[in-house]
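Remarks on the structure that follows.
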Amino acid sequence: MKRGLAGTVAVVAMVTLAVPAVIASGPSPSPSDEDARIVHALNRLGYGPRPGDVDAVRAMGLERWIDRQLHPERIDDGALRARLASYRTLDLSAGELMEGYEVPREVKREIQKKRAEMDGASEEEMARTRRELMQELGGSMQGMKGRPRQVVEELQAAKVVRAVYSQRQLDEVLVDFWINHFNVFAGKGPEKFLVGAYERDVIRPHAWGRFEDLLKATAESPAMLFYLDNWLSASPDAQQPRTRGRGGFLRRGRPAPPAPEQGQGRKRGLNENYAREVMELHTLGVDGGYTQKDVTEVARCFTGWTIRGLRQGDPRFAFDARIHDGKEKVVLGQRIRGGGQGEGEQVLHILATHPATARFISMKLARRFVADDPPAALVDRAAATFRKTGGDIRAVVATILQSPEFLSAEVRSAKVKTPLEFVASAVRASGATVTDARELARRIGEMGMPLYMQQPPTGYKDTSEAWVSTSGLLSRLNLALDLAAGRVRGVAVDAASLAPHVLFPAGLSEPTRKTLERETGLDAARTAGLVLGSPEFQRR
Amino acid sequence: MLTRRIFLKSSGLAFVSFGLAPRALIRSAWAAEGSRRKKTLVVVFQRGACDGLNTVVPYGESAYRKLRPTIAIPAPRGGSRDAALDLDGHFGLHPALEPLLASFKDGSLAVVHAVGSPDATRSHFDAQDFMESGTPGRKSTEDGWMNRHLQCAPDAAASPFRAVSLTPTLPRSLAGRAPAVAMASIDRFGLRPAGGAAVARGFEDMYAGAVRDVLHGTGQETFEAIEFLKKTDPGRYVPAAGASYPRGPYGESLKQIAQLVKADVGVELAFTEVGGWDHHAAEGGVQGQLAARLRELGHSLAAFQRDLGQRMQDVVLVTLTEFGRTVRENGNRGTDHGHASVSFVMGGGVRGGRVHGRWPGLTPDRLYEGRDLAITTDFRDLLGELLARHLGARDLGPVFPGHDPSAARFPGVMRA
């Protein structure tokens with residue numbers, strides 16, 4: 001599209017001529033203020049409006065709709081189950097996944113052996129050798145139901161399907177909020193087999209309950225114990241328990257856990273990783289007033305919180321008293337002694353009920369639902385609710401969503417959509433039918449947000465600047481074009497139904513309207529692509 | 001020669017009243033610039049806190065071996081690949097970094113040891129944030145140090161690729177008012193051709209018109225970059241001199257930075273990152289997890305240097321990591337979050353072949369907070385030196401507010 005000087009002058013001249021026509025056509029009808037608030041709520045409590053949603057919420061009444069979303073258990077979501085049925089790994093336990101989807105130990109061992117022999121070879125040669133070996137050893141892999149990668153792909157796809165189709169939109173948003181808050185990384189060794197159960201059995205059942213229960217459930221989850229290494233943390237004074245036999249799951253994972261020297265009684269030691277993040281990221285916040293000394297003391301309290309049964313295909317939380325540091329500790333000024341497993345629980349209670357936690361969690365929720373820099377008064381009220389109710393998550397979310405600040409005109413469109421929010425909202429807006437969401441999930445990854453694959457414990461950022469980039473924007477524009485043109489695998493769209501006001505009921509901006517009026521030669525799919533790629537569609 | 005500013009002044013402003021930025025005009029101005037060789041600074045961020053002590057090994061210290069009973073790298077043994085590779089009789093390279101040894105020996109690679117950020121935080125998030133913003137301890141800084149360098153040295157004739165990051169999203173280091181481009185890869189950086197010219201024009205106009213939106217600037221930069229990139233012919237790049245980059249996003253990103261440098265698209269700052277350094281458990285010694293990461297790092301840097309050949313005279317590459325790791329290995333044969341770490345500096349004008357920085361030692365009384373390698377070179381002094389002596393930056397004060405790196409504190413990695 002290289003335009004020389006002459007070409008540009010010509011274009012400018014044409015535009016100049018077109019201006020009166022644009023003015024003559026007049027503004028297209030802008031929505032009523034009530035409808036604007038409804039669109040806002042659909043954007044914030046969920047993944048954006050589908051065709052007809054604004055009418056449906058208007059008929060029900062916005063307040064009632066919000067209240068209904070605050071009680072997802074009252075909303076029938078049976079149709080969603082059917083849409084998820086083709087992803088076979090979703091309902092399996094961590095053990096079943098390890099059994100059916102992990103590359104067998106002997107195959108891995110062969111690959112490792114070969115790898116050691118090939119030291120110095122390029123990654124490409126290594127990869128080729130790996131593929132050859134996998135084929136050669138195909139016999140050993142006949143018991144496999146699928147590749148390890150399938151487990152993560154299906155999880156990612158299911159997340160997109162839920163965002164697009166669930167009637168419990170706020171429930172999906174909140175679950176996403178919490179799994180991002182308590183982030184784990186599916187790319188770390190066997191974590192990919194633990195993440196599904198983590199979301200399904202740890203995050204989801206506690207998303208609306210008491211914060212302390214949610215915190216405790218994550219602390220005890222094999223997914224978190226593994227991800228932040230606490231399962232390895234032991235009192236420096238403790239003797240290493242004898243390992244039972246050779247092999248086992250522990251040797252299968254990457255990164256390989258330390259190979260214990262059997263029968264040597266080798267000392268293990270303290271690992272501070274979880275202790276630090278539980279305060280910095282899960283509860284108090286980085287400015288919550290804890291010290292390095294507190295980190296070490298908390299780590300000592302959590303010694304012995306470990307995973308058992310990884311080898312037997314039944315990973316579960318266990319407290320191992322033999323590696324627990326039983327000596328006295330002081331955490332945030334409070335004395336903790338001799339409580340065994342109770343010490344960690346005591347720490348979680350101190351953290352969950354700390355005023356800094358009430359504030360930090362309220363701040364993050366307000367940021368998600370209201371604005372990158374939410375009104376201080378609203379955060380104050382949400383934090384007050386948190387303290388008053390003993391950390392009742394539903395009450396805190398209700399305080400935010402039923403506040404005047406939430407519905408005020410200033411915060412409308414104030415958030416830039418994350419890649420997940422953008423893709424889900426584009427699919428919803430276009431009324432598309434998703435039969436296979438894996439390509440959509442892949443696109444979300446390309447935009448910088450590979451689902452369940454955020455390595456640092458911070459999770460994904462929830463502020464605009466994190467998602468404003470050239471390549472991220474380009475991926476969005478291309479997805480917009482591909483989606484509208486029916487070029488996304490597994491997604492069907494009826495281009496003829498994609499009128500701009502259906503795709504974007506909040507009313508397009510003037511530059512976008514003018515652009516559409518100018519580019520009269522475009523078919524419905526391209527016009528729809530422009531709307532889905534417009535600056536206003538990147539916001540919620 | 002027509003510069004961007006002159007062009008804007010002479011002919012561009014006339015069209016602004018129509019709400020149409022004269023983007024195509026700007027482009028032709030760049031084209032008129034022709035191939036102007038520029039100095040380039042490449043920043044490689046090792047996210048996750050790289051263990052500097054096992055990267056450039058102080059094998060001369062008995063405390064090193066004592067505190068790391070299972071993961072210490074053995075002292076050099078006549079070039080054996082199961083031991084450190086000697087640099088200067090006190091320090092040795094991890095053997096997985098063997099591809100870098102020749103560069104150290106020929107003087108094109110320097111090491112700065114005990115370098116880092118003076119802030120005491122051991123949070124990855126905060127430490128990366130501080131290092132990228134260039135303001136340790138100050139969280140309210142909105143832009144990154146690389147972006148502030150661009151702001152301090154405005155270049156009206158700059159290309160859209162003056163600052164480029166080969167990452168899916170723009171890193172904190174490059175965030176800010178000055179334009180910067182992020183892209184996961186060169187060859188995928190374009191609009192679907194099926195959309196046609198009208199769609200491309202439509203997007204351009206919509207984003208040009210959204211003047212009050214933060215996406216406005218991003219949109220402009222995106223479309224300018226797409227157009228500009230066509231010159232590099234991304235599909236047919238073959239690295240020079242048989243340079244072979246390791247597979248994977250990191251090697252690929254360095255390859256593409258080399259490609260952009262050689263294409264003369266006006267790159268002054270380039271950024272890429274490589275993760276996987278947070279080895280709390282089973283870090284390994286000569287072999288193992290850290291060794292694998294270092295092997296990839298070393299092969300990539302060596303390939304980059306080989307690929308650029310003579311052109312490396314215009315380039316300096318520096319590695320950064322948010323902090324180092326505990327001197328003592330933990331109970332899981334790994335290391336926890338520490339303080340100082342190590343940086344490599346490679347390229348033209350580098351005073352290579354030596355380990356720069358004052359070595360603080362590993363005896364208990366010399367350790368930071370009794371456990372970590374102390375910092376003797378503030379990362380801002382290292383970066384300040386590269387900006388001043390390689391890119392010719394005149395005023396470092398605004399780049400590192402509250403620090404003001406002066407030549408007296410520069411570690412001396414560049415020939416003055």
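The values are calculated or read from the model by the stated rules, or taken from the named source; none is laboratory data. This structure is a prediction, so every number in the text was calculated from the model and none was measured. As a convention, Cβ positions derive from the backbone with ideal geometry for all residues, glycine included, and neighbour counts pool all protein chains shown.
Which of (1) farther than 30 Å from A:ALA414 by Cβ; (2) touching a residue at least 24 places away in the same chain (Cβ under 8 Å); (3) within 12 Å of chain A (Cβ to nearest Cβ); (4) under 21 Å from the mean Cα position of the chain (by Cα) is the odd one out, the single condition B:PRO239 does not satisfy?
(3)
Could you tell me how many of the residues in segment B:183-201 are at the interface with chain A (Cβ under 8 Å from one of its Cβ atoms) and among the β-branched types (Val, Ile, Thr)?
Total satisfying the criteria: 1.
Do we have any residue at all in segment B:172-182 that's at the interface with another protein chain (Cβ under 10 Å from one of its Cβ atoms), closer than 22 Å to B:THR232 by Cβ, without any contact (Cβ under 8 Å) to a residue 12 or more places away in the chain and in a helix (DSSP H, G or I)?
The answer is no, given that none of the residues of segment B:172-182 is at the interface with another protein chain (Cβ under 10 Å from one of its Cβ atoms), closer than 22 Å to B:THR232 by Cβ, without any contact (Cβ under 8 Å) to a residue 12 or more places away in the chain and in a helix (DSSP H, G or I).
I need the full set of residues from segment B:202-215 which are buried (at least 18 other Cβ atoms within 10 Å of the Cβ) and at the interface with chain A (Cβ under 7 Å from one of its Cβ atoms), in order please.
Result: B:GLY202, B:PHE203, B:ASP205, B:MET206, B:TYR207, B:GLY209, B:ALA210, B:ASP213, B:LEU215.
Considering only residues that are in contact with a His (Cβ under 7 Å, 6 or more places away or on another chain), among the hydrophobic types (A, V, I, L, M, F, W, C) and under 22 Å from B:GLY348 (Cα atoms), which ones fall in segment B:392-414?
B:ALA393, B:VAL413, B:MET414 - these are the residues of segment B:392-414 that are in contact with a His (Cβ under 7 Å, 6 or more places away or on another chain), among the hydrophobic types (A, V, I, L, M, F, W, C) and under 22 Å from B:GLY348 (Cα atoms).
Report yes if A:ARG246 is within 12 Å of chain B (Cβ to nearest Cβ), modelled with pLDDT under 85, more than 19 Å from the chain's Cα centre (by Cα) and surrounded by fewer than 19 Cβ atoms within 10 Å (Cβ to Cβ), otherwise no.
It is false that A:ARG246 is within 12 Å of chain B (Cβ to nearest Cβ), modelled with pLDDT under 85, more than 19 Å from the chain's Cα centre (by Cα) and surrounded by fewer than 19 Cβ atoms within 10 Å (Cβ to Cβ).
Here are A:GLU465, A:GLU439: which of them is modelled with pLDDT under 90, outside any loop (DSSP other than H, G, I, E, B) and either within 8 Å of chain B (Cβ to nearest Cβ) or within 30 Å of A:ILE203 (Cα to Cα) (or both)?
None of the other options fit; the residue is A:GLU465.
Quick check on segment A:505-540: of everything there that is at the interface with chain B (Cβ under 9 Å from one of its Cβ atoms) and of a type in the set (Gly, Ala, Ser), which residue is nearest to A:VAL423 (Cα to Cα)?
Going through the qualifying residues, I end up with A:GLY533.
Among the residues of segment A:484-504 satisfying the criterion of being more than 11 Å from chain B (Cβ to nearest Cβ) and assigned to a helix (DSSP H, G or I), which is surrounded by the fewest Cβ atoms within 10 Å (Cβ to Cβ)?
Among those that are more than 11 Å from chain B (Cβ to nearest Cβ) and assigned to a helix (DSSP H, G or I), it is A:ALA496.
B:THR222 is checked against (1) out of contact with any Gly (no Cβ under 9 Å at 6 or more places or on another chain); (2) among the hydroxyl-bearing types (Ser, Thr, Tyr); (3) more than 9 Å from chain A (Cβ to nearest Cβ) and fails just one. What number does that condition carry?
The one condition B:THR222 does not meet is (3).
Name the pairs whose Cβ atoms lie under 9 Å apart, with the first residue in segment B:388-416 and within 13 Å of B:THR377 (Cβ to Cβ), the second aromatic (Phe, Trp, Tyr) and modelled with pLDDT of 95 or more, and 6 or more positions between them or separate chains?
none
Does B:PHE189 satisfy the criteria of being out of contact with any Gly (no Cβ under 9 Å at 6 or more places or on another chain) and either within 19 Å of B:ASP264 (Cα to Cα) or touching a residue at least 40 places away in the same chain (Cβ under 8 Å) (or both)?
yes
Applying the selection to segment A:358-377, what residues are more than 20 Å from the chain's Cα centre (by Cα) and surrounded by fewer than 22 Cβ atoms within 10 Å (Cβ to Cβ)?
A:ARG359, A:ASP373, A:PRO375, A:ALA376, A:ALA377
Considering only segment B:382-405, state which residues are touching a helix residue (DSSP H, G or I) at 6+ places or on another chain (Cβ under 7 Å) and surrounded by fewer than 22 Cβ atoms within 10 Å (Cβ to Cβ).
Of everything in segment B:382-405, those that are touching a helix residue (DSSP H, G or I) at 6+ places or on another chain (Cβ under 7 Å) and surrounded by fewer than 22 Cβ atoms within 10 Å (Cβ to Cβ) turn out to be B:ALA393, B:ASP395, B:PRO398, B:HIS403, B:PRO405.
What are the residues in segment A:442-480 that are of a type in the set (S, T, N, Q) and buried (at least 24 other Cβ atoms within 10 Å of the Cβ), if any?
Once the filter is applied, which keeps residues that are of a type in the set (S, T, N, Q) and buried (at least 24 other Cβ atoms within 10 Å of the Cβ), segment A:442-480 yields A:SER469, A:THR470, A:SER471, A:SER475.
State the number of residues belonging to segment A:468-488 that are touching a Leu at 6+ places or on another chain (Cβ under 9 Å) and at pLDDT 90 or above.
Looking only at that region, the number is 12.
Could you run through segment B:141-168 and say how many residues are in a loop (DSSP other than H, G, I, E, B), surrounded by 23 or more Cβ atoms within 10 Å (Cβ to Cβ) and of a type in the set (Ser, Thr, Tyr)?
1
Could you tell me which of the residues B:GLU204, B:GLU132, B:GLU98 is modelled with pLDDT of 90 or more and within 24 Å of B:LEU391 (Cα to Cα)?
Only one candidate passes the filter, namely B:GLU132.
Scanning for something among the aliphatic types (A, V, I, L, M), at pLDDT 90 or above, out of contact with any Pro (no Cβ under 6 Å at 6 or more places or on another chain) and more than 30 Å from B:HIS279 (Cβ to Cβ), does segment A:444-461 turn up at least one residue?
There is no residue in segment A:444-461 that is among the aliphatic types (A, V, I, L, M), at pLDDT 90 or above, out of contact with any Pro (no Cβ under 6 Å at 6 or more places or on another chain) and more than 30 Å from B:HIS279 (Cβ to Cβ).
Going by what's in this entry, would B:LEU317 be described as more than 14 Å from every other protein chain (Cβ to nearest Cβ), within 17 Å of the chain's Cα centre (by Cα), within 23 Å of B:GLU273 (Cα to Cα) and not in a strand (DSSP E or B)?
For B:LEU317, the condition - more than 14 Å from every other protein chain (Cβ to nearest Cβ), within 17 Å of the chain's Cα centre (by Cα), within 23 Å of B:GLU273 (Cα to Cα) and not in a strand (DSSP E or B) - is not met.
Listed here are the residues, each with its yes/no results for (1) assigned to a loop (DSSP other than H, G, I, E, B); (2) surrounded by 23 or more Cβ atoms within 10 Å (Cβ to Cβ); (3) under 23 Å from the mean Cα position of the chain (by Cα); (4) among the aromatic types (Phe, Trp, Tyr).
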position: A:ARG387; (1), (2), (3), (4): no, no, no, no
position: A:ARG394; (1), (2), (3), (4): no, no, yes, no
position: A:ALA398; (1), (2), (3), (4): no, no, yes, no
position: A:SER413; (1), (2), (3), (4): yes, no, yes, no
